[in-house]
Every structure is written in structure tokens, then in C-alpha cells.
Amino acid sequence: MRIDQQNLSVPRPVGSWIWDAAYFAADATELLAFCGRNGITELYLSVNSDVMDRRYAEFLRRCAAAGIRVSALAGEPNWVYPDKRQDYDRFLERVQNIQTLCGGKGGFAALHLDSNPHSLPEVLENGMECIAGRFCDFVRVVRAGADRLGLALEWDLPFWYESVRDPASGRTLAETVMRLCHSVALLCFRDTAADQLDALRPNLPIAAATGTPFRVACDVLNEDEARRPNGNSRVTYYEEGYLCMYNAIREIDLAIREQATDYGFAVHDLKRWMTLQPGVLPQYRTDASALDIDQFLRCLKASGN
């Protein structure tokens with residue numbers, strides 16, 4: 001049953017990514033109010049050069065006072081190569097400096113890596129298998145770095161990594177990453193609950209076998225990927241709006257609660273989520289009366305009807 005609920009309410013942890021840290025660092029009041037209304041319990045906060053360390057420490061203290069757990073977010077695809085990790089090393093240094101400023105109160109709880117190499121030219125040409133071994137080695141490097149800082153390790157994991165093999169162990173890439181991390185965000189970027197569940201289900205037994213907590217991730221950015229004939233992207237709820245996404249999250253929660261226990265949800269990203277429209281954008285409505293008739297006929301023709 002569809003419920004048009006203006007705020008997200010789900011009895012699970014809820015997280016979101018913050019890439020534009022400068023937008024919120026000066027004044028977190030609006031952000032914290034939004035988090036309170038939508039049950040957001042954790043944030044993945046990008047460590048950027050345009051925000052001073054002391055601003056991060058102040059932000060972290062405000063989040064801690066609001067009961068929100070914060071992870072340090074970073075990642076580049078080319079970090080898989082050992083000679084391309086200068087920015088990764090600087091990221092670790094910044095995190096350590098910010099932790100020191102926090103003085104043991106309200107600092108980062110984890111490193112959160114969005115660092116997957118499938119967009120690199122080498123992989124686009126030869127497939128993910130050609131770099132899977134290097135990628136697993138990099139995850140091990142980051143796990144060691146997180147351990148040195150006394151932090152947990154979280155990773156953004158594309159749902160289809162369960163179909164790629166780790167050459168060293170023979171396991172799936174998803175299993176290797178889950179075994180090395182304290183939790184993962186499964187990037188099940190689709191725009192219906194049914195399609196998200198199709199993406200998620202092969203990962204559920206892996207998470208259960210490894211005992212890895214996970215977040216089911218939704219996207220709300222205006223993405224060009226996987227466009228339908230009418231221009232609606234299959235990978236994001238940007239066109240459908242937050243009411244549709246909230247209903248999908250509730251449907252997914254009901255569908256998997258018998259198969260998983262330690263899980264939650266995450267929305268990518270917070271800045272876009274805060275400005276997302278409630279309902280379907282007019283140009284993507286499926287009822288013929290809401291569409292220009294020429295557009296409607298073109299959609300029917302393109303779909304084979």
C-alpha cells in the first residue's frame with residue numbers, strides 16, 4: 001500500500017552522503033533539522049580542501065550532540081594504483097588532524113570509501129576482472145590505515161560486484177570486500193523497489209555469511225545513466241520524487257527483514273535529497289492526460305505498444 005508520508009520513517013539506521021561539505025560546514029542548523037525529521041542516524045562527510053580542519057571539528061561536535069554518527073568520506077578510482085595515492089595519504093593525514101582537534105569527543109567514527117575502479121579506461125576496455133586483484137589489495141591497504149587510526153572501515157559497493165571474482169581467493173569481489181570492511185553500502189541504484197530488490201538479493205547471502213552490516217543505497221541525483229525512451233533514468237529517484245522513494249524503502253524493508261537483521265538504508269546524496277520534489281516531475285508522469293500528446297505517442301512507439 002502506498003503511503004504519502006512527507007518524512008522518511010523506517011525502523012532502521014539511515015545514512016546519507018555529503019560531498020559538498022562547505023555548503024553545510026558554516027552552519028549545520030538546516031541539515032540537522034532535516035536529519036531529525038527523516039530519522040538520519042549517520043552521515044558520510046567528504047573531507048575537502050575548501051573546509052578547514054577546525055570547521056570539521058565543530059561540525060562533528062554538533063552532529064555528536066544530535067546523536068548522528070559521522071564517517072570521513074573520500075575516494076578516487078585511480079587510488080587502486082599504488083603510485084596514484086598521494087591524495088589518499090593526504091586524506092588520512094587530514095582525518096588524523098581532525099580527530100586530534102576533536103580531542104576524543106565527537107570525532108569521525110569510520111573511514112567511508114567511495115573508491116571503485118570500474119570507471120577506469122583499463123576496466124572499461126578489459127572488464128573488472130583485469131583489476132580485481134589490485135582493487136582487493138587496495139581495500140587491504142585502507143583497512144590497515146583505518147586500524148591505525150582506530151576507526152571502522154566502510155565501503156560503497158556496487159551491487160554487481162557479486163558477479164566478479166577475486167583472483168587471489170576465488171571468492172566474489174563482493175565477499176572479499178565485505179570480509180575486509182566493517183560495513184558496506186550496497187549501491188542498488190534503481191528507481192523502483194522491485195528493481196532494487198533484484199539488485200540486492202544476490203548480495204544478501206554474502207552479507208549473511210560474512211556477518212557484514214549493510215545499507216541499501218538509493219540515488220536521487222539527476223543522472224544521465226540508463227535513460228528510458230521518455231528520458232527518465234532507471235538508476236535514480238530524481239524523476240519520481242521522495243514520496244516514491246520512501247515507499248520503496250518501506251517495501252524493501254518489509255521484503256528482506258526475514259533474511260537480514262543488521263541493515264539500514266542510505267540516500268545519495270544529502271544536498272540533492274533536501275531539495276528533491278515530493279512527486280513525479282510533470283514530464284515523466286505515466287498518465288496520458290499529464291503528457292503532451294505527441295510526447296505520449298512517441299513513448300508508446302518507443303516501448304513497442
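Quick note: the coordinates plus some simple rules give every number you see, no bench work behind them. Since this is a predicted model, take the numbers as computed values, not measurements. Neighbour counts are summed over all protein chains in view; Cβ atoms, including those assigned to glycine, are modelled from backbone coordinates with ideal geometry.
Brief remarks on what is shown
- Selected from Gly231, Tyr284, Leu111, residue furthest toward positive end of dipole (the chain; charges at beta carbon): Leu111
- Taking Leu124, Leu101, Leu111 as the candidate residues, the one with maximal mean-square fluctuation in a Gaussian network model of the chain, Cα springs under 10 Å, is Leu124.
- Rounded if a/c under 1.5, otherwise prolate or oblate - region 35-118, Cα gyration tensor axes: oblate
- In the calculated pair-distance distribution of region 14-302, the portion above 25 angstrom amounts to 51 percent of the Cα-Cα pairs.
- Taking every alpha-carbon pair under 8 Å whose residues sit at least 6 apart, the chain reaches a relative contact order of 16 percent.
- Simple point charges give the picture: +1 on the Cβ of Lys and Arg, -1 on the Cβ of Asp and Glu, and for the chain a dipole about the Cα centre of about 680 debye.
- For the options Gly264, Gly39, Gly103, a Gaussian network treatment of the chain with springs between C-alpha atoms closer than 10 Å singles out Gly103 as fluctuating the most.
- Among Ala74, Val267, Ile256 the positive-end extreme of the charge dipole of the chain (Cβ point charges): Ile256
- Put simply, the amide H of Thr172, placed in the peptide plane, has neighbours under 5 Å in Asp166, leaving out anything fewer than 5 places away on its chain.
- Ala64 paired with Val141, simple spin-label distance in nm, labels 7 Å along Cα-to-beta-carbon: 3.1
- Of the DSSP H helices in the chain, those whose Cα atoms cover at least 15 Å axially and whose Kyte score averages -0.5 or more: 132-149, 242-256
- Within the listed set Ser115, Ser163, Ser183, the Gaussian network model of the chain (springs between alpha-carbon atoms below 10 Å) gives the highest mean-square fluctuation for Ser163.
- In the chain, the DSSP-assigned H stretches of four residues or longer account for a calculated mean residue ellipticity at 222 nm of -11500 deg cm²/dmol, using -39500 (n - 2.57) per stretch and the full residue count as denominator.
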